[in-house]
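Have a look at the structure below before the remarks.
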Amino acid sequence: MSDQLSSDLASLRIDHDAPPSRRRLPRLALYAVLIAVAAAIVYFAVLPNVRSKFYKTEVTATEIALVSPAQASIELTSTGYVTPQIVSRAVAKAPGRVAEVRVKQSDQIKAGDVLLVLDTIDQQAAIASSRTRVATMRANAQTARANLAEVQQQLKRERDLSGQGVTPKATAEDLARRADALAAGVKAADAAARAAQAEVSALEVNLKSYTLVSPISGKIINRPPELGDFVGPAMSGVADTAGSIEIADFDSLAVETDVPEGRLHQVKLGQPCEIQLDAFPDRRIRGEVYEVVPRVNRSKATVVVKVKFVDSSEGALPDMSARVSFLSGKLDAEAMKEPPHLIVPGSAVTDRSGAKVVFVIEDGRLRMMPIQLGKPFGEGFEVVRGPGSGTRVVSQPGPDLVDGQQVKERTGG
């Protein structure tokens, strides 16, 4: 029995020196291939996506820009905003509720035009009451004047009688003193009537304060108050007025741009300029320097330079962004007809799958966009089809950048 058990146990022993079974070799090779494929997928597909989600790659950004055909004569370029030089904020002198609105936003108006009328019921009642007092005072003055005339007549008669010795002189003297008192009363009544009339005149002048008129000619740029709104000057001053109407003279529009203090020597009064509005990137407008503000902004080390429009400023609105190019010479009307060129820096263009692309930076992520290039222009190319002006793109994009990748722009040197 023990020999049988020993034989059975011996049959279960693993022989480590025996060669591996031929059936196990293909299975092990298959496992090895699957593991290698999985590792490659993780390394080439999963790992870059994970890295892009959790680690932001630093990139250098550049910009697609509109370049003027007058690039050769540009000495300095700066950005600024369209600003009306003549602006008025009209507000009623007296507080009250709006009873009538005569204008609306964007209306073109002239100086002296009525903008709105406030409710004047209380003021009209006060004027009517004051006029009643004036009438009463004048009636009192007339009564005093009549009494004075009667006493003066009696005084004349008594003087005649006393002169003839018919009546005593004391009676005439009493009448004379009474006449003097009545004359003083007439003067007081006339003064009271004049004071009441002056009050009426003041109320009538104040009544004009309830009609708001435009102090200048121009266009209304804000929304006027509505019927029933309470408007009027605030206690803290004009800046806090309620229901004011802003009027801008669009004929006085100019571009105010900040020029670095260190480059102010390149700006001169009367210098020709070229203005490009961000809202109308295909338009080129001639301008001219007409004022250099005599004050330096310490925090920014810049000086405000004002550039007026030489060509029509049609379409320009207050606070529009604008780019000003200060030129070395004037541009004629023919030269202004050539549109600006949309240029992409050559360093931003790369190849992907045989096509030209750029990597656009949008909210910290990359978006790969195809681009069709035209003729070379300086260190870049004209854009025939692709992203528009002002688009920020990656400069010198590496082969590891992918669509949708999170990035951050490199700052400093």
(request) Those residues that are more than 22 Å from residue 202 (Cα to Cα) and exposed (fewer than 15 other Cβ atoms within 10 Å of the Cβ), I need them from the range 114-149; list them, please. (result) 142, 143, 146, 149
(request) Within the range 269-285, identify whether any single residue is surrounded by fewer than 19 Cβ atoms within 10 Å (Cβ to Cβ), of a type in the set (Phe, Trp, Tyr) and in a strand (DSSP E or B), and answer yes or no. (result) no
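Does residue 388 fit the bill of being free of Cβ contacts under 8 Å to residues at least 12 places away in the same chain, farther than 22 Å from residue 74 by Cα and not aromatic (Phe, Trp, Tyr)?
Values: free of Cβ contacts under 8 Å to residues at least 12 places away in the same chain: no; farther than 22 Å from residue 74 by Cα: yes; not aromatic (Phe, Trp, Tyr): yes.
Answer is no for this residue.
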(message) Out of the residues in the range 70-100 meeting the condition of being farther than 25 Å from residue 306 by Cβ and not in a strand (DSSP E or B), tell me which one is nearest to the chain's Cα centre (by Cα).
(response) 91
(message) If I filter the range 197-204 for residues that are in a loop (DSSP other than H, G, I, E, B) and closer than 24 Å to residue 232 by Cα, do I get at least one hit?
(response) no
(request) Taking the options 150, 158, name whichever one is under 30 Å from residue 131 (Cα atoms) and over 60 Å from the mean Cα position of the chain (by Cα). (result) 150
(request) For the range 397-409, name all the residues that are in a loop (DSSP other than H, G, I, E, B) and closer than 8 Å to residue 59 by Cβ. (result) 397, 401
(request) Go through the range 359-413 and give me each residue that's touching a Ser or Thr at 6+ places or on another chain (Cβ under 8 Å) and among the aliphatic types (A, V, I, L, M). (result) 360, 393, 394, 401, 402, 407
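Here's a check for you: in the range 205-253, which residue that is of a type in the set (Ser, Thr, Tyr) and in a helix (DSSP H, G or I) is modelled with the highest pLDDT?
Here is the first cut: in the range 205-253, the ones of a type in the set (Ser, Thr, Tyr) are 209-211, 214, 217, 236, 241, 244, 252.
From what is left, the residues that are in a helix (DSSP H, G or I) are 209-210, 252.
Numbers: 209: 88, 210: 91, 252: 95.
Ranking the candidates gives 252 first.
Looking at 310, 296, 259, which one is within 25 Å of residue 247 (Cα to Cα) and not polar (S, T, N, Q)?
Details: 296 fails: within 25 Å of residue 247 (Cα to Cα); 259 fails: within 25 Å of residue 247 (Cα to Cα).
On inspection, the qualifying residue turns out to be 310.
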(request) For the range 191-210, name all the residues that are surrounded by fewer than 17 Cβ atoms within 10 Å (Cβ to Cβ) and in contact with a strand residue (DSSP E or B) (Cβ under 9 Å, 6 or more places away or on another chain). (result) 209
(message) Consider the range 300-351. How many of its residues are at pLDDT 90 or above, under 30 Å from residue 379 (Cα atoms) and among the charged types (D, E, K, R)?
(response) 2
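Which strands (runs of 3 or more DSSP E) sit wholly inside the range 324-396 and have at least 1 residues that are in contact with a Pro (Cβ under 7 Å, 6 or more places away or on another chain) and among the polar types (S, T, N, Q)?
Details: elements: 341-345, 350-352, 355-362, 365-370, 372-377, 380-385, 392-395.
It comes to 350-352, 392-395.
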(message) Pairs please, first residue from the range 94-109 and within 16 Å of residue 227 (Cβ to Cβ), second anywhere and part of a loop (DSSP other than H, G, I, E, B) and among the aliphatic types (A, V, I, L, M), Cβ atoms under 7 Å, 6+ apart in sequence or on different chains.
(response) 98/227; 101/227
(message) Of all residues being assigned to a helix (DSSP H, G or I) and of a type in the set (Lys, Arg) in the range 101-145, which is nearest to residue 189 (Cα to Cα)? Just the residue, please.
(response) 138
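The values are calculated or read from the model by the stated rules, or taken from the named source; none is laboratory data. These numbers were taken from a predicted model, which means no experiment stands behind them. Note: ideal-geometry Cβ built from the backbone for every residue, glycine included; neighbour counts use all protein chains shown.
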